[in-house]
Amino acid sequence: MDNRWELDTRLVHAGERIPPQAGYPTVHDIVVSNSFVPESPEAADAILGGQRQGYTYSRHNNPTVDALAEAVRQLEGGEFATAYGSGMAAIHAALWATKPRPGDAIVVSRDLYGASINLVQEFFAPLGLRVVQADLVDLDQARRVLETVRPKAVLFEILSNPLLRVIDGPAITELAHAAGAEVIVDNTFTTPLLVRPFEFGADMVVHSATKYLSGHGDAMGGVLLAQGRYAEVIHRQQKLLGAVLGPFEAWLIHRGLKTLGLRFPRQCDNAATLAVRLLESGRFRRVHYPLLPDHPERERIARLMAHGRGGAVVTLELPGGRDAVFEFLRRLQLVVPATTVGDVYTLALYPVMASHRSQTREERAAMGITEGTVRIAVGIEAVEDIFADLIAAAEAAAAHA
Ligand code: PLP
């Protein structure tokens with residue numbers, strides 16, 4: 001800074017753009033700058049022209065956001081990663097990256113997250129794309145649909161929401177590729193600790209980083225990981241739509257990610273214990289969890305999920321309908337009745353009211369979701385306390401059944 005400048009000028013520039021010193025921080029910085037100063041106009045020209053990597057403007061790239069995307073890429077695999085303001089933006093970008101054209105079809109698993117279904121129906125169908133929902137848990141149905149429809153893209157989650165049916169990712173990927181489709185896996189519920197879809201040939205993987213990756217309920221974000229051939233179209237789309245992640249959220253999610261290996265196995269173990277104990281309690285019409293003996297795809301778990309873990313969500317069927325569920329939610333003392341998963345604390349969600357609100361009663365019934373279905377996203381608390389809270393609330397709700 002030039003000390004001859006007026007005070008008003010110096011106030012604006014003081015302390016900024018100081019050349020880096022020797023020694024770098026052990027934890028990476030939150031770089032909030034919107035723009036960057038390359039070392040020369042020639043360098044700026046090369047970066048903006050795409051001949052050189054570097055930073056010019058945070059809608060194109062930001063170092064804090066890149067650090068998060070790269071961290072997730074190192075866990076999941078893939079050749080290219082970028083982060084978005086939410087999981088939905090990442091899912092939109094992945095579908096867009098398959099370059100669907102009018103007349104093409106997109107197949108989505110019937111049990112997909114409700115908003116993902118709404119996204120394809122409300123944003124892709126009007127472009128002239130055919131949206132086909134199929135029960136991809138059932139391999140025969142999946143084969144029939146994929147061979148007949150020959151879609152451009154297939155989007156699914158391994159563990160369905162909220163009933164935790166298990167899709168055979170490797171088999172669906174093989175069938176989809178044989179039908180000429182590109183495969184996008186939403187790995188939010190399974191995380192790279194249980195499933196790494198690139199290992200079985202997925203073309204893109206998406207995450208709502210809002211959930212387990214971040215883990216503390218205080219930052220929203222999405223991550224898209226892809227093979228290198230998608231990099232250009234994804235980057236272009238992000239630049240033009242601008243659904244970028246803010247650096248502060250990126251930093252928070254990155255910090256959360258460091259403890260995923262401690263949090264998530266504990267959440268899965270808590271869920272497995274709770275599932276058995278809640279079933280034994282006799283208080284629920286049904287308990288859905290992939291490791292329970294009556295689960296229809298139980299045999300897929302050992303083959304598909306690392307360490308045979310079944311995820312951290314348990315879904316309950318309360319006797320009675322809406323009144324009983326509302327009483328159950330009101331009575332919870334420890335479990336938080338809020339609409340998300342993946343936080344360190346246990347959460348309860350009523351799909352009829354929240355995640356599957358846009359589906360008709362008939363559509364929900366076809367998925368197996370009833371007026372008594374409640375999803376429990378299990379946290380890291382002591383499992384005894386979670387169990388006692390759920391049972392006390394279920395006892396109170398029984399009077400309304
Ligand atoms: N995918 C799954 C499986 C989800 O559960 C969610 C949100 O609940 C999303 C995607 C969307 O993520 P976000 O809320 O970060 O946009």
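The values are calculated or read from the model by the stated rules, or taken from the named source; none is laboratory data. Since the model is a prediction, treat every value here as computed from it, not as a measurement. Positions of Cβ are backbone-derived with ideal geometry, glycine not excepted, and every protein chain shown enters the neighbour counts.
Laid out as a table, the results:
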{"item": "Options Leu155, Leu112; residue that is surrounded by fewer than 24 Cβ atoms within 10 Å (Cβ to Cβ), within 16 Å of the ligand (Cβ to nearest atom) and within 19 Å of the chain's Cα centre (by Cα)", "result": "Leu112"}
{"item": "Selected residue (criterion: nearest to the ligand (Cβ to nearest atom)) from residues of the stretch 117-126 that are modelled with pLDDT of 95 or more and either part of a loop (DSSP other than H, G, I, E, B) or not acidic (Asp, Glu) (or both)", "result": "Leu119"}
{"item": "Matching residues, the stretch 9-42, being part of a helix (DSSP H, G or I) and either over 21 Å from Asn62 (Cα atoms) or among the basic types (Lys, Arg) (or both)", "result": "Thr9, Arg10, Leu11, Val12, His13"}
{"item": "Matching option when the condition is over 19 Å from Met305 (Cα atoms) and among the basic types (Lys, Arg), among Arg263, Arg255", "result": "Arg255"}
{"item": "Pair list, Cβ < 7 Å and 6+ apart or interchain, from the stretch 1-20 residues that are closer than 15 Å to Ser33 by Cβ to residues that are modelled with pLDDT under 90", "result": "His13/Met1"}
{"item": "Residue pairs meeting the criteria (Cβ under 7 Å; at least 6 apart or on separate chains; first of a type in the set (D, E, K, R), in the stretch 222-244; second within 16 Å of the ligand (Cβ to nearest atom))", "result": "none"}
{"item": "Which listed residue is farther than 25 Å from Leu245 by Cα and not aromatic (Phe, Trp, Tyr), from Ile106, Ile91", "result": "Ile106"}
{"item": "Number of positions in the stretch 77-95 that are more than 15 Å from the ligand (Cβ to nearest atom), under 30 Å from Gln141 (Cα atoms) and buried (at least 20 other Cβ atoms within 10 Å of the Cβ)", "result": "1"}
{"item": "First in the stretch 137-155 and part of a helix (DSSP H, G or I) and β-branched (Val, Ile, Thr), second anywhere and surrounded by fewer than 18 Cβ atoms within 10 Å (Cβ to Cβ) and at pLDDT 95 or above, Cβ under 6 Å, 6 or more apart", "result": "Val149/Val132"}
{"item": "Qualifying position, being touching a residue at least 12 places away in the same chain (Cβ under 8 Å) and assigned to a helix (DSSP H, G or I), among Ala394, Ala365", "result": "Ala394"}
{"item": "Residues located in the stretch 331-358, provided they are in contact (Cβ under 8 Å) with a residue 40 or more places away in the chain and away from the ligand (no atom under 15 Å from the Cβ)", "result": "Arg331, Leu332, Gln333, Leu334, Val335, Val344, Tyr345, Thr346"}
{"item": "Output for the stretch 345-371, where each listed residue is surrounded by 16 or more Cβ atoms within 10 Å (Cβ to Cβ), of a type outside the set (Ser, Thr, Tyr) and more than 13 Å from Tyr113 (Cβ to Cβ)", "result": "Leu347, Ala348, Val352, Arg364, Gly368, Glu371"}
{"item": "Neighbours by Cβ (under 6 Å, 6+ apart or cross-chain): first from the stretch 81-94, farther than 12 Å from Ala209 by Cα; second of a type outside the set (Gly, Ala, Ser) and modelled with pLDDT under 95", "result": "none"}
{"item": "Residue within the stretch 296-313 that is within 16 Å of the ligand (Cβ to nearest atom), outside any loop (DSSP other than H, G, I, E, B) and buried (at least 19 other Cβ atoms within 10 Å of the Cβ) present", "result": "yes"}
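Each row is one residue, and each column tells you yes or no for (1) surrounded by fewer than 24 Cβ atoms within 10 Å (Cβ to Cβ); (2) touching a Gly at 6+ places or on another chain (Cβ under 8 Å); (3) modelled with pLDDT under 95; (4) farther than 15 Å from Ala97 by Cβ.
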site: Val185; (1), (2), (3), (4): no, yes, no, no
site: Gln227; (1), (2), (3), (4): yes, yes, no, no
site: Ala231; (1), (2), (3), (4): yes, no, no, no
site: Ile234; (1), (2), (3), (4): yes, no, no, no
site: Leu245; (1), (2), (3), (4): no, yes, no, yes
